[in-house]
Amino acid sequence: IAPLHHNVFSFFPFNVEMHYLLAMHLHAGPWAGMFLAQWMHGMFIVLTVAAIYSTVRTFASPLAACVAALAAGFSPWLIMLGSVAYDEGGLLLFSTLGIAWLLVILSSEDVDWMLGIAAGLCAGFACGCKLTGVPILLIALPVIVLVLRPTRRVIGQLVIYEAIALLVFSPWLIRNQVWAHNPVFPEAASLLGAGDFSPIQVARWHQAHSPRPDQQSISAHLQALWEQVIIDWRFAYLLLPVSLVAGFSTLRWRGGRFLLLSLVVFAIFWLCFTHLQSRFFVPAIPIMAMLVALLDQRVLKWLPIPLILLAIPSFAWMHHELKPFAEAIAVESPSILWPVFYPPEVKTAAMQDKPLILVGDAKAFWFDIPMSRLHYRTVFDVDTSDGRPTIAAWMEGTKDLSDANVVVDPGELERFSRTYKGIPLPPGIGELRQPTVFDLHDAFVQP
């Protein structure tokens, strides 16, 4: 792996994406391995549900464990995320296992240091899947365990937990320190170092990962919690309220208090440190499912029916959204789907033995051509701080490709100009109605 200075996301930890790289190596190519990558992520979700079942069996009945697994498995968010090659599944699986081992540490009288090692391994792997795991798993949850049971044995286990978690997570931190002189770049750029980002790029990243201007007030944050979590059908409506009822009904059990406080921490983190999008509350689903298992047995036996019924909208939504891609099933090349997204001239340009530069569009995976002649840049890697026109900034590093074709996506450029800082709308872009091909001699794409 190497830093891609045209794709800032290459600086993120890759514990899940490395599985996809393995899939692509096993099949001798990225497009040949793409379906295995999707199956891999689907299995992360399946294993997460299995981990929830196994965790609940340590403190509740088989019925409770089955209901908890159903509550998570039929959560529309998990169904939707499990169907794509993403990174959320790894975070869900390893954070669930980390929470499970913390529960064991909290309730066990055993002085087995392997408990702290197992918990730390899982927490470190989770942080290596997604940086959002760091404040929850390395800071908040250990503090909750310490508050609930401040004994010497627990303190010793937590020291081991933190040391192992940081050891497992450290390769990604070291890599970024070497690449960008900031272990968590592009996060904390203003505090720890901005790498090759200019001040305007740092501001753009911060703005894009902060609440919208109309969501800055406390009331707006709470309104977002209501809309994005509490009444969001992708959380199956019942999951959050039932988990809260179950949690408050079992406060006498230390493990119940731990799960309830963990859910509260997730809510606080979501409200204060994310840009208030529903997906960032998904890691709380396993905790909610475990809390559901604490309900009275007489209630639990009736709960699977509404949980399954409430998952039906997710299947209907997926059917509606994926219907246009029905022809993609088992395709060997994304180019088969080019007519769905691009006009014919883009296909013609891509098939020519010439460099292809994408401006606005960063969906490089759609173009199954050698990367030696495909050039793209994410919106966060576009530096307009020196006053260069937007299109010229987008083509940075490709000026020597005099015979290149340039594909300008007007829709994406308009969206970026509207929603991201420091992306001026190029003059004349409004005259384009679809992705359009130019060459570098055309006045429209000249610096």
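The values are calculated or read from the model by the stated rules, or taken from the named source; none is laboratory data. Everything numeric in this text was worked out from a predicted model, so none of it was measured. Every residue, glycine as well, gets a Cβ built from its backbone with ideal geometry; the counts of neighbours run over all protein chains shown. For the accessible areas, the whole protein counts, side chains as well, though only heavy atoms, and no ligand, DNA or RNA atoms are used. Shrake-Rupley method; radii C 1.70, N 1.55, O 1.52, S 1.80 Å.
Roughly speaking, what % of Cα-Cα pairs in region 1-98 are separated by over 22 Å, rounded to a whole number?
39 percent
In nm², what is the average projected area of the convex hull enclosing the Cα atoms of the chain? Mind dumping the intermediate values first?
Values: hull surface 91.7 nm².
Computing the convex hull of the Cα atoms and averaging its projections yields 22.9 nm².
Taking H placed 1.01 Å from N in the peptide plane, check which residues at least 5 places from residue 129 or on another chain put their amide H under 5 Å from its amide H.
Long-range HN contacts for residue 129: 15.
So who's got an amide H within less than 5 Å of the one on residue 439, skipping anything under 5 residues away but keeping other chains? H placed 1.01 Å off N, in plane.
Answer set, sorted by chain and number: 406.
If you roll a 1.4 angstrom probe over the protein chains with everything in place, what fraction of the accessible area of the chain belongs to carbon and sulfur, to the nearest %?
Values: 13920 of 20680 Å².
The nonpolar share, carbon plus sulfur, comes to 67 percent.
Quick one: how many Å² of residue 420 are accessible to a 1.4 Å probe, rounded to 10?
In the full protein context, residue 420 sits at about 50 Å².
Quote the convex hull volume per residue of region 396-447, based on C-alpha atoms, as a whole number of Å³.
Numbers: hull volume 4.4 nm³, N = 52.
Dividing the Cα hull volume of region 396-447 by its residues yields 84 Å³.
What are the extents of the Cα atoms of region 237-359 along their three principal axes, listed from largest to smallest and rounded to whole Å?
The Cα atoms of region 237-359 stretch 70, 34, 20 Å along the principal axes, largest first.
At what distance in angstrom do the alpha carbon centres of region 267-310 and region 160-222 lie from each other?
27 Å
For residue 25 and residue 192, compute 0.36 nm times the residue count separating them, minus their Cα-Cα distance, and round to one decimal in nm. The partial results should precede the final answer.
Values: separation 167, 0.36 × 167 = 60.12 nm, distance 3.50 nm.
Taking residue 25 through residue 192 to full extension adds about 56.6 nm, to one decimal.
List every residue whose amide H lies under 5 Å from the amide H of residue 374, counting only residues 5 or more places away in sequence or on a different chain, with H placed 1.01 Å from N in the peptide plane.
356
Quick check: net charge around residue 137, other residues with Cβ under 12 Å of its Cβ, Lys/Arg +1 and Asp/Glu -1?
Values: positive: 130; negative: 162.
Net charge in that neighbourhood comes out at 0.
Report the net charge of residues surrounding residue 254, where surrounding means a beta-carbon distance below 15 angstrom and charges are Lys +1, Arg +1, Asp -1, Glu -1.
+3
If I take R0 = 25 Å and measure r between the Cβ atoms of residue 218 and residue 279 in this structure, what FRET efficiency does the formula 1/(1 + (r/R0)^6) give, to the nearest 0.05? Intermediate results must be reported in sequence, preceding the final value.
Numbers: r = 22 Å, r/R0 = 0.89.
FRET efficiency, residue 218 to residue 279: 0.65.
Per 10 Å bin, what percent of the C-alpha pairs of region 316-447 does each bin hold, from zero upward?
Percent of Cα pairs in each bin: 11, 41, 33, 13, 2.
Semi-axes of the equivalent ellipsoid of region 45-142: what are they in whole Å, largest first, if each equals the square root of 5 times a C-alpha gyration tensor eigenvalue? Write down the numbers at each step before the final one.
Details: eigenvalues 100, 73, 16 Å².
Over the Cα atoms of region 45-142, the semi-axes work out to 22, 19, 9 Å.
Given axes a ≥ b ≥ c from the Cα gyration tensor, I'd like to know whether region 53-110 is rounded (a/c under 1.5), prolate (a/b larger than b/c) or oblate. Please list the in-between numbers first.
On the way: a/c = 4.42, a/b = 1.54, b/c = 2.87.
Cα axes put region 53-110 in the oblate bin.
Count the net charge of all other residues whose Cβ sits under 14 Å from the Cβ of residue 311, scoring Lys and Arg as +1 and Asp and Glu as -1. Could you put the intermediate results ahead of the total?
Details: positive: 234; negative: 232.
Neighbour charge sum, excluding residue 311 itself: 0.
In whole Hz and in residue order, list the ³J(HN,Hα) couplings for region 166-181 that follow from phi through the Karplus curve 6.51 cos²θ - 1.76 cosθ + 1.60, θ = phi - 60°; x for Gly and Pro.
Karplus values, whole Hz, x for Gly and Pro: 5, 5, 5, 7, 4, x, 6, 5, 5, 4, 5, 4, 5, 6, 10, 6.
Residue by residue, what Karplus-based ³J(HN,Hα) values in Hz, rounded to whole numbers, does region 231-239 have, using 6.51, -1.76 and 1.60 with θ = phi - 60° and x for Gly and Pro?
For region 231-239, the Karplus curve yields 10, 7, 4, 6, 9, 6, 6, 6, 4 Hz.
Where a Cα-Cα gap under 18 Å defines reach, which aspartates and glutamates qualify for residue 354, not counting those fewer than 8 residues away within the same chain?
Straight-line reach from residue 354, under 18 Å: 345, 368, 396, 400, 403, 439, 442.
I want to verify a result. In a Gaussian network model of the chain, Cα cutoff 10 Å, which of these has the top mean-square fluctuation: 283, 135, 76?
With Cα springs under 10 Å in the chain, the top fluctuation among 283, 135, 76 is at 135.
Want the number for residue 39 to residue 248: 0.36 nm per residue separation, take away the alpha-carbon distance, what's left? Before the final figure, lay out the partial values.
Details: separation 209, 0.36 × 209 = 75.24 nm, distance 3.77 nm.
Full-extension gain reported as 71.5 nm.
Work out from phi, with θ = phi - 60° and the Karplus expression 6.51 cos²θ - 1.76 cosθ + 1.60, the ³J(HN,Hα) of each residue of region 46-53, listed in order in whole Hz, and give x for Gly and Pro.
The phi angles translate into 4, 5, 4, 4, 4, 5, 4, 4 Hz.
Specify whether the C-alpha gyration tensor of region 89-226 places it in the rounded, prolate or oblate class, a ≥ b ≥ c being the square roots of the eigenvalues: rounded for a/c under 1.5, otherwise prolate if a/b is larger than b/c and oblate if not. Could you put the intermediate results ahead of the total?
Values: a/c = 2.70, a/b = 1.55, b/c = 1.75.
The shape class here is oblate.
So what's the convex hull volume per residue for the Cα atoms of region 253-324, in Å³?
Working: hull volume 7.1 nm³, N = 72.
Looking at region 253-324, the number lands at 98 Å³ per residue.
At a Förster radius of 25 Å, what calculated FRET efficiency corresponds to the Cβ-Cβ distance of residue 296 and residue 57, to the nearest 0.05? Walk me through the intermediate numbers first.
On the way: r = 18 Å, r/R0 = 0.71.
It comes to 0.90.
I'd like to compare 341-353, 39-51, 167-179: which one has the highest average count of other Cβ atoms within 10 Å, and what's the full order after that?
Working: 341-353: 15.2, 39-51: 19.2, 167-179: 16.8.
Sorting 341-353, 39-51, 167-179 by mean packing, highest first, produces 39-51, 167-179, 341-353.
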